[in-house]
1. Simple spin-label model, 7 Å along Cα-to-Cβ: Arg74 to Ser28 in nm?
2. 7 Å from Cα along Cα→Cβ at both Thr196 and Val210: what's the point-to-point distance in nm?
3. Give the percent of DSSP beta bridges with both residues in the chain that are antiparallel, rounded to the nearest 5.
4. Just report the Cα centroid separation between segment 1-68 and segment 81-135, whole Å.
5. Give the share of C-alpha pairs in each 5 angstrom bin for segment 1-148, from 0 to the last occupied bin, in whole percents, shortest bins first.
6. Can you give the Rg to Rh ratio for the chain, taking only C-alpha atoms and Rh from Kirkwood?
7. Local charge sum around Gly55 (other residues, Cβ-Cβ under 14 Å, Lys/Arg +1, Asp/Glu -1)?
8. Just need the relative contact order of the chain here, percent rounded to a whole number, with Cα pairs under 8 Å and 6+ apart.
Amino acid sequence: MTKPVLSLQLFSMRGLGNLGTQLEKAASAGFGAVEPLEGHLRDADSLQAGLVGNGLAAPSAHVGLEALRSERQRFVEACQQCGIGQLFVPHPAPSVARETQAAWQRMGHELGALSEQMKADGIVLGYHNKTAGFERTIGGRYGFELMFEAARGSPLTWQADIAWLARAQPNAIEWIRRYAGVLVAVHVKDQAPDDTDPDEDGWANVGSGVLLWPSLWRAAVTSGVRLFVVEHDNPRRPFEFAARSYAYLSRFLT
């Protein structure tokens, strides 16, 4: 069995300054891998140099749907240059009024078609969730279900943001198990107890919040996940978050 990889989402490190500093601090916190953002891919030379200079890999990255629609080849080339094999599209966050059955199905068809194109370029394309698609049903089905049903037969995968999923659903493990066939990566972050850390948007260092990460980790590994990307959407002290979260999660790697 392939050993899980622990990566760090660079969005969490933006408060430290430029990309070079972010990568240096990620390595200092213990990480051997990072997950860049769309803006980093737009300067692939700098990203590649920073990864090499700090002994880091980038197995995955995030890029917006609009950018893929208009500049797909540019991001394909950036991924190939930097050794990025998986590209995840964060949920494009339509308004609640636009969350119709047809809208979710259209997104599934589009992402499925894009994943076919990316596969031909040697890149796995996946969807990254927030709470949308899990908060309410449409005709008895959740939007997430409608989207992946529309994409059936394509190589579209799922990067599960467990904390956002848990904010919408009390049974995150059930969703992990149910969609094990498309689940390839997870975002690992933690939720602070209610009414604490409002300046950090209710998030916490991994292991210090309310999510039961030992059982969530086991469920993900059992479902075939090997890429775990650590994230905090708004850390007060980014390096401390990264170092403490790595120290907590590294015990799961043995």
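Here, each number is a calculation from the coordinates, and none is a lab measurement. Predicted model only: the values in this text are computed from it and were never measured. Neighbour counts run over all protein chains shown; Cβ positions are idealised from the backbone, glycine included.
1. 3.2 nm
2. 1.0 nm
3. 15 percent
4. Segment 1-68 and segment 81-135 have Cα centres spaced 21 Å from each other.
5. 2, 9, 18, 19, 16, 15, 11, 7, 3, 1, 0
6. Numbers: Rg = 17.4 Å, Rh = 18.4 Å.
With Rg and the Kirkwood Rh in hand, the quotient comes to 0.94.
7. Within the 14 Å Cβ shell, the charges total 0.
8. Here the relative contact order equals 21 percent.
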